[in-house]
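Report on the following structure.
The values are calculated or read from the model by the stated rules, or taken from the named source; none is laboratory data. In this text, all values refer to a predicted model and were calculated from it rather than measured experimentally. Using ideal geometry, Cβ is built from the backbone for each residue, glycine included, and neighbour counts are taken over all protein chains shown.
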Amino acid sequence: MKPSIPTGTRDFSPGDVRRRQYILKTISTVFELYGYQPLETPSMENLTTLMGKYGDEGDRLIFKILNNGLNNPVKAEKTRAAFENVLTGKNDPNLTERALRYDLTIPFARYVVMHQNDLALPFRRYQMQPVWRADSPQRGRYREFWQCDADVVGSNSLINEAELLAIYREAFNRLGVPGIQVKINSRKILAGLAECCGAPELMADITVAIDKLDKIGMEGVEKELLERGLTEEQIRFITSYLAIKGDTGAQLAEMASLLAGSDMAQRGITELQDTIALHNQLKNKDWDSQLVVDFTLARGLSYYTGIITEVSTTAVKMGSIGGGGRYDDLTGLFGLKGLSGVGISFGIDRIYDVMTELNLYPDTLATSTKVIFVNIEAEAAPAILGYVARLRQAGIASEYYPDKAKFDKQMKYADKRNIPFVGIVGSDELAASVITLKDMRNGEQKKLNAAEIVDFLSKAQ
RNA sequence: GAGGCUAUAGCUCAGUUGGUUAGAGCGUCGGAUUGUGGUUCCGAAGGUCGCGGGUUCGAGACCCGUUAGCCUCCCCA
């Protein structure tokens, strides 16, 4: 049988894992700097927790888990009825009642409601775990991928928004990803647009269409709006909305006058202005990313209500590598009303792909073991095991090639593993109680005793 | 859900209008070299040409079906 892995998943070899851990470590360090605490939730949730939270398309993409014990003859009738139910496109708990998590936000909301009595609000948490989507894979899209979320619940302050934007910029600055654009918009402005053109019920259709502006152009957007049931007059209004350009201040002022008829939109504009002003107090001059207002930014998830944000890079052709926003009543879905939240997410797999394509990792990630002792003289085993024990005690990663093999083969092994030093203890060295230490990068060799080798390798790069 | 492309050695791929026994590079193993890696040189192993059917004297190639993978749209990180 030819081994394979499911579509849209991948193996990560040792070097890959080091690169991914570097990304995760960099981001978690920034999260911690901003006071966020780690959280983990189960890979699977009850299906009822997830269904209906991500829109129709989202529901379709949830990976469901088949119940165990379906072959139980006692339940055969129920199971058959459940299967009929599923054939009509519904879910049935007699067939499936659990699913793999689709994102980290809904499980977090579920967690907050379940642990509300133990939490000190406002509660800031970060979470770095895989999520699963039953989507058909393509470039930058996987069925299993990692997200890295930071959310805060129990605070309405825009300081949170301003800080989360700062987290994006700080993290991508530390990772050294070029061409980063952090785009922001407000759901309230989008709602105001729908309101002002007299089609509040078509807000979703309008946002989906205008979100594609940079992809399909103004004509494409107009065509799509028409198909989605907007009138010519409404489309003209949306066109004038999309035509607003210039620097941030001017754009916001112009938008305020265009959407003068909507209180909702005015609130959204004020929130954007305030968020940017707060962010400007926090920002670091060294960050070379851009914070840009983008009125076409929509974002799919239906639960957002305030500021929304999305991150992309101009350096590589790739979809968004992060996104987030405010959701006023997320926990309300689970019975806890009046708790507002705001959060962001880093798409680790896309960030990893971008950084791999641009080769943005520090060289130091490659090294692991510092010295390997070759196995050429069986009698030397006790002495060498003593050496590696001392080296490890001193914090130096050391190995002893476990099998007696040809010298040549062991040297090739050390070379392939990129191990910088090789320790040689044959009969001569054993008799003299020394180690011949070879630096694989320049070929130089020297004889050291046990104390000297610990000292030397502690200092050696 | 709609459309396009691909499937040949462990990996990446070549294979001429259909013509003898299926090719390369990389990797693996052995040797040059039983106490010295990277660079060389020699040799070896490794194939149901995705699967099933059809056309043909003859199919890796052409046709039909099927499965899987990749890509685009939709949507998303």
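What to note about this one:
- Remark: A:N160 falls outside the filter, which requires a residue to be closer than 30 Å to A:S262 by Cα and part of a strand (DSSP E or B).
- Failed criterion for A:L158 (all others in (1) free of Cβ contacts under 8 Å to residues at least 60 places away in the same chain; (2) more than 15 Å from RNA strand B (Cβ to nearest atom) hold): (1)
- Evaluation of A:E222 against the conditions (1) at pLDDT 90 or above; (2) over 25 Å from the mean Cα position of the chain (by Cα) shows that the sole unmet condition is (1).
- Among the conditions (1) touching a strand residue (DSSP E or B) at 6+ places or on another chain (Cβ under 9 Å); (2) more than 26 Å from A:T41 (Cβ to Cβ); (3) acidic (D, E), the only one that A:E161 does not satisfy is (2).
- Of all residues in region A:394-441 being polar (S, T, N, Q) and under 14 Å from A:V371 (Cβ atoms), the one that is farthest from RNA strand B (Cβ to nearest atom): A:S398
- Qualifying positions in region A:14-58 - of a type in the set (V, I, T) and more than 16 Å from RNA strand B (Cβ to nearest atom): A:V17, A:T26, A:T29, A:V30, A:T41, A:T48, A:T49
- Within region A:137-147, considering residues that are part of a strand (DSSP E or B) and charged (D, E, K, R), the one nearest to RNA strand B (Cβ to nearest atom): A:R141
- Residue under evaluation A:A260, criteria (1) more than 16 Å from RNA strand B (Cβ to nearest atom); (2) surrounded by fewer than 20 Cβ atoms within 10 Å (Cβ to Cβ); (3) touching a residue at least 12 places away in the same chain (Cβ under 8 Å), criterion not met: (3)
- Within region A:249-257, not a single residue is in contact with a Leu (Cβ under 6 Å, 6 or more places away or on another chain) and among the small types (G, A, S).
- Flag if A:L385 is more than 21 Å from A:K459 (Cα to Cα), surrounded by 11 or more Cβ atoms within 10 Å (Cβ to Cβ) and at pLDDT 95 or above: yes
- Among residues of region A:372-389 that are outside the structural domain of A:L437 (by TED's automatic domain parsing) and β-branched (V, I, T), none has a Cβ under 8 angstrom from a residue that is part of a helix (DSSP H, G or I) and away from RNA strand B (no atom under 12 Å from the Cβ) at a sequence gap of 6+ or on a separate chain.
- Reported count of residues in region A:342-380, each being farther than 13 Å from A:V316 by Cα, surrounded by 14 or more Cβ atoms within 10 Å (Cβ to Cβ) and more than 12 Å from RNA strand B (Cβ to nearest atom), is 6.
- In region A:221-236, the residues that are under 18 Å from A:L259 (Cα atoms) form Cβ pairs under 6 Å with partners that are assigned to a helix (DSSP H, G or I), at six or more places apart or across chains, as follows: A:I235/A:E222; A:I235/A:L225.
- For A:F145, the conditions (1) surrounded by fewer than 17 Cβ atoms within 10 Å (Cβ to Cβ); (2) under 29 Å from A:I27 (Cα atoms) are fulfilled apart from (1).
- Count - residues of region A:305-328 that are near RNA strand B (Cβ under 8 Å from one of its atoms) and among the β-branched types (V, I, T): 2
- Number of positions in region A:254-278 that are under 31 Å from the mean Cα position of the chain (by Cα) and either over 14 Å from A:S186 (Cβ atoms) or not assigned by TED's automatic domain parsing to the domain that holds A:L193 (or both): 2
- The condition (being more than 25 Å from A:A194 (Cα to Cα), at pLDDT below 95 and within 16 Å of RNA strand B (Cβ to nearest atom)) is satisfied by just one residue among A:S302, A:S289: A:S289.
Okay, residues lined up against (1) assigned to a loop (DSSP other than H, G, I, E, B); (2) surrounded by fewer than 21 Cβ atoms within 10 Å (Cβ to Cβ); (3) at pLDDT 90 or above; (4) touching a Phe, Trp or Tyr at 6+ places or on another chain (Cβ under 6 Å):
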{"residue": "A:P93", "(1), (2), (3), (4)": "yes, yes, no, no"}
{"residue": "A:L119", "(1), (2), (3), (4)": "yes, yes, yes, no"}
{"residue": "A:R124", "(1), (2), (3), (4)": "no, no, yes, yes"}
{"residue": "A:D135", "(1), (2), (3), (4)": "yes, yes, no, no"}
{"residue": "A:D149", "(1), (2), (3), (4)": "no, no, yes, no"}
{"residue": "A:V152", "(1), (2), (3), (4)": "no, no, yes, no"}
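- Selection count, region A:442-457, where residues are more than 16 Å from RNA strand B (Cβ to nearest atom), over 44 Å from the mean Cα position of the chain (by Cα) and surrounded by 15 or more Cβ atoms within 10 Å (Cβ to Cβ): 1
- For region A:405-418, the condition holds for no residue, the condition being that it is crowded, with 19+ Cβ neighbours inside 10 Å and either in contact with a helix residue (DSSP H, G or I) (Cβ under 7 Å, 6 or more places away or on another chain) or closer than 30 Å to A:Q127 by Cβ (or both).
- Search result, residues across region A:230-250 that are closer than 14 Å to A:E195 by Cα and among the hydrophobic types (A, V, I, L, M, F, W, C): A:L230, A:I235, A:F237, A:I238
- Near pairs, Cβ below 7 angstrom, 6+ apart or cross-chain, from region A:288-314 (under 19 Å from A:P178 (Cα atoms)) to any residue that is basic (K, R): A:S289/A:R169; A:V292/A:K183; A:T309/A:K183; A:E310/A:K183; A:E310/A:R299
- Among the residues of region A:181-211, the ones that are among the charged types (D, E, K, R), in a helix (DSSP H, G or I) and within 16 Å of RNA strand B (Cβ to nearest atom) come to 2 in all.
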